[in-house]
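To keep things clear, I will list the structure first and then write my remarks on it.
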């Protein structure tokens, strides 16, 4: 087991700076960074026993000299681990420190060379359709709702799903693997109590075993995924690495390709939506999205801090550092260094991007950029009115490296296209809050007191599905359709569709649960003819009460009672200047009868019939 | 389109007789045939089978009902009332079934008929009640005359009193006269049948058309319910049976009446043995005239069973009613409820009318329809049930006489003989009687009737074609539509049953017709590929697809209903939409030209 050994600390010339430095709090560090860059660009933090580097140019020099500045400490914890932890790790056969990022040449050269054979641009590019499908599907789930938490509902899941797909992890294992991966982050980058660290250590052991088994299984059954490719390369004769090292590489890629991209998306979207003019620019011209992704990488670097160890005495930013000194590199500060970037906090879609250089240049960066680009393309195309929910506080998980809010509440306007079409300005829109008792709906849906297809006021059109009406309104099921003659209350048309899911109240969980409809119920009619009549009668009553055609939502509870949930005026046909069939003035008398005979209805309607 | 357009039905000349039915033509009068020498004319017209009134193969005698009915229907349009656009309906018998072809009035003659129509029809509408009273007297006289007809076997000798009174005529003369009189009276009944009927339909058609225009989408049934009669003579036979059932329960005859099977004689004697049985039997007898002259068919066939000749039918109904009364059920027709419901329906439709002017026209036309339309139900009892029941009974009696004379085996065999041939049969019978020799008929008819039965059996094995030749582009003839429900849509569905590649059906979710290029979109990730003016073809849409609807010309979905997202948004944007096609995304490829008809819910692949 290798851990970072603290070195003797040189005297710190800036105790007040060190006191104010909060290495585990990444919420709003930029003012502090600016102060540090100005007052003491390289300072010592006794709390973590690291020298902290804040300027762009200093960091650039460090990255370019991997011999003097080693990465061997990157995955080492900041503070000594409790005694239990190494015991657990050792007993569990956890033999790995890092896949790649913590390795030094020549090991690093050997391993990186090996994985590069598999991690090709082709494999990354080939993932685009899949990434787009995943992104579209996830956006789809909330797009109709008008608000969402982009971290919980998009940024946290999407990179994981992508990398899981690439690493060949079956969907069923995903939740478990994610829990283990989180333990790894807390272990290596966090500051957790002892008992919690024990728990995470146990998880780490399980996690490691999982990877070894996964790689072993690729020997038995080749598969088209990254582990499969690596095993393939190994079997074709490149046996410069061990199979445990393959497992370690794959294991490393998970966090590398997952947590970093989640941080990029969460934080990047927060920054981007915080500067609405940049977001609007993207919506206007999606061609600028690649530039925007680069800017997000800069402004909200997903890896906010990184570590190096001084191997030979060196000077950084005018400070002499002995061999063995641990360095904490504040990438987040470097990227906001106003000596390099004009208006560093601003997302500038015209900015020449400063590239990061060095041997540890992230292997997965093209993948992260691709994911960033696809997400911005999909979001801007689908939800152009996206904006931050005002007044929210951003909460950052306590670790030094992966900076991203735990929640990002956004809202958008689902009615914007409608309002634009009808030229209703935003100022004319009022909002009401309605509180209703929840109906335990056996079936529910909508009804209109006219046929929405034709404007025919002699009909009541009903759509119905099992459970709550949300599935009908949102279009997640094809509902049963009933057309009822309004006066006779006769069902004159019905189409029974396959209804695969229903939403049911989960009283204990204080939420609504989607569940599959049993096979034998899927194609059965939601409503009996009597119930169709009862819903139609209820709709008729609403129409009579309001004196104009109504668009209602209804539900039938478990006891069979028909509930009117909502009634609002029908707007499409009712606002047409003329009734659908303009008639001549009503003629009376015998001559009108002769006229009926001479110009029969069928002839007058001939153009419709004879299309 | 990928299918060959079928727009013609088979020609009668290309539709051969089924095997074993060769020579069927001679079973029916020559003027009912599609003649070879008129092929060009006949093939230039559209014929449809009238299976509504004559659903089975005609026995030779039975064409009398279609001949008299359709001839008299025509005369009222053509010669009495001068209905402006419509003459009669031409008709033929083909392979045993009757086919109709309405005869329009040439366009240029229509205007000159209007004043005559106004005067003639106007007179009837203006004097409807008194003319109808007169009508009822006439038809009752016809029925009385039919009832009075006697068909008796020829006696050994002419009665002595005929000799003494110097009559100078024999019994064959009376038989011939009775037969001719029966035919004449049937003809007269059918004349009266159409005296009011066409006008009843004209008024109803006018009200119907008015409602459909003022309130498109109003249910046909709803219009019918507003006009329907409540105290209708046609319901009286059934009412009589309910009355008999209640009387039976009152007289404590329920048990005697309902025990055992429906053996009429046994049941009636069991009732007669009860203390108050005679009272009930008298009521049973009294109800029969005229109310048991009620056919269990439509009256148009000799084979239709009439209550009076099959007392087990009404007796069975009475027993059912008795059972229901004993079970505590209400058996009375709830006329008050029906009236209240009719009033409710009328009031609701009236309320849905667009304005007061339309409501005034509604009131006037409904008033006329309610006055005249009940005749449509009224006449049915007097003619189809009562008159024809008597007529068939009389002819059957003649058949019995001739069976006794050896012409054929069973009374009903007479219906295998054409009505013109029957005049020969009656003469043959009288001829042998007069000459004092055997008639020829018993040598000729049994074999001939057997042959005819075989031909009819062969005809019955083949289903009639629904129509023949090329249909009109649009069926507009009001009586065709009114009486037969034959519309362009119906004709089209007969034509296109089965062959439908290149067409997709779905919900008519948003109206309008548009042609354009298809863009099949697998999911939200493909939305960027949609070009301005393309037709979006997708499995399902979602609220978040809003912006795309500003670009497309129409939407077609595999799943979704009238109130699904695609439907609602397309209506908002005024784009045609067909939803719930089931298979649009698999049947259609990007780049194909489509026609989307949001009025009818059809999508046509044009290439």
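Tabulated results
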{"item": "Rounded to whole Å, sorted largest first: equivalent-ellipsoid semi-axes of the protein assembly as shown, Cα gyration tensor", "result": "93, 31, 29"}
{"item": "Fully extended contour minus Cα-Cα distance, from residue A:392 to residue A:416, at 0.36 nm per residue", "result": "6.3 nm"}
{"item": "Quarter of the Cα convex hull surface for region B:266-312, i.e. its orientation-mean projected area (nm²)", "result": "3.5"}
{"item": "Backbone N under 11 Å from the residue B:312 label point (7 Å along Cα→Cβ), restricted to region B:223-267", "result": "B:261-265"}
{"item": "Theoretical FRET efficiency, 1/(1+(r/R0)^6), r = Cβ-Cβ of residue B:279 and residue B:350, R0 51 Å, to 0.05", "result": "0.55"}
{"item": "Residue list for region B:199-222, given a label point 7 angstrom along the Cα-to-Cβ vector of residue B:131 and an amide N cut-off under 15 Å", "result": "B:199-204"}
{"item": "Whole-angstrom gap from region B:571-607 to region A:504-543, using each part's C-alpha centre", "result": "29"}
{"item": "Shape category assigned to region B:1-80 from the gyration tensor of Cα positions, a/c cut at 1.5", "result": "oblate"}
{"item": "Tail beyond 15 Å, pair distance distribution of region A:128-207 (Cα, percent)", "result": "64"}
{"item": "Chain B, relative contact order [Cα under 8 Å, separation at least 6], %", "result": "18"}
{"item": "Residues B:235, B:549, sorted so that the one with the fewest Cβ neighbours within 10 Å comes first", "result": "B:235, B:549"}
{"item": "Theoretical FRET efficiency, 1/(1+(r/R0)^6), r = Cβ-Cβ of residue A:490 and residue B:440, R0 56 Å, to 0.05", "result": "0.35"}
{"item": "Ellipticity estimate at 222 nm from DSSP helix runs (n ≥ 4, -39,500 (n - 2.57)) divided over the protein assembly as shown, nearest 500", "result": "-14000 deg cm²/dmol"}
{"item": "Shielding by partners, peptide A:495-504 (average Cβ within 10 angstrom, other chains)", "result": "1"}
{"item": "Highest to lowest packing among A:53-64, B:284-295, scored as the average C-beta count within 10 Å", "result": "A:53-64, B:284-295"}
{"item": "Theoretical gain in end-to-end length, residue A:147 to residue A:320 [0.36 nm per residue, Cα-Cα removed]", "result": "57.1 nm"}
{"item": "For region A:119-172 and region B:279-327, distance of Cα centres in Å", "result": "78"}
{"item": "Residue B:15 paired with residue A:285, simple spin-label distance in nm, labels 7 Å along Cα-to-beta-carbon", "result": "7.1"}
{"item": "Whole-number D in µm² s⁻¹ for region A:467-568, Kirkwood Cα-pair radius fed into Stokes-Einstein, 10 °C, 1.306 mPa s", "result": "107"}
{"item": "Mean separation of Cα contacts under 8 Å, 6 or more apart, over the residue count of region A:517-576: relative contact order %", "result": "25"}
{"item": "Part-to-part distance (alpha-carbon centres) for region A:203-249 and region B:36-61, which is given in Å", "result": "83"}
{"item": "For chain B: span of alpha carbons on each principal axis (Å, largest first)", "result": "108, 65, 56"}
{"item": "Computed E for residue A:174/residue B:515 - FRET, C-beta separation, R0 41 angstrom, nearest 0.05", "result": "0.30"}
{"item": "Cα extents of region B:141-245 along the three principal axes, largest first (Å)", "result": "74, 37, 19"}
{"item": "Mean Cβ count within 10 Å, highest first, over the residues of peptides A:262-273, A:434-445", "result": "A:262-273, A:434-445"}
{"item": "Partner chain coverage, peptide B:119-128 - average Cβ within 10 angstrom", "result": "1"}
{"item": "Other protein chain Cβ atoms within 10 Å, averaged over every residue that makes up B:80-87", "result": "2"}
{"item": "Shape category assigned to region A:406-467 from the gyration tensor of Cα positions, a/c cut at 1.5", "result": "oblate"}
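Every number in this text was worked out from the coordinates using simple rules, so none of it is lab data. The model shown is predicted, which means the values in this text are computed figures rather than measured ones. A quick note on method: Cβ atoms are made from the backbone with ideal geometry, for glycine too, and the neighbour counts reach across all protein chains shown.
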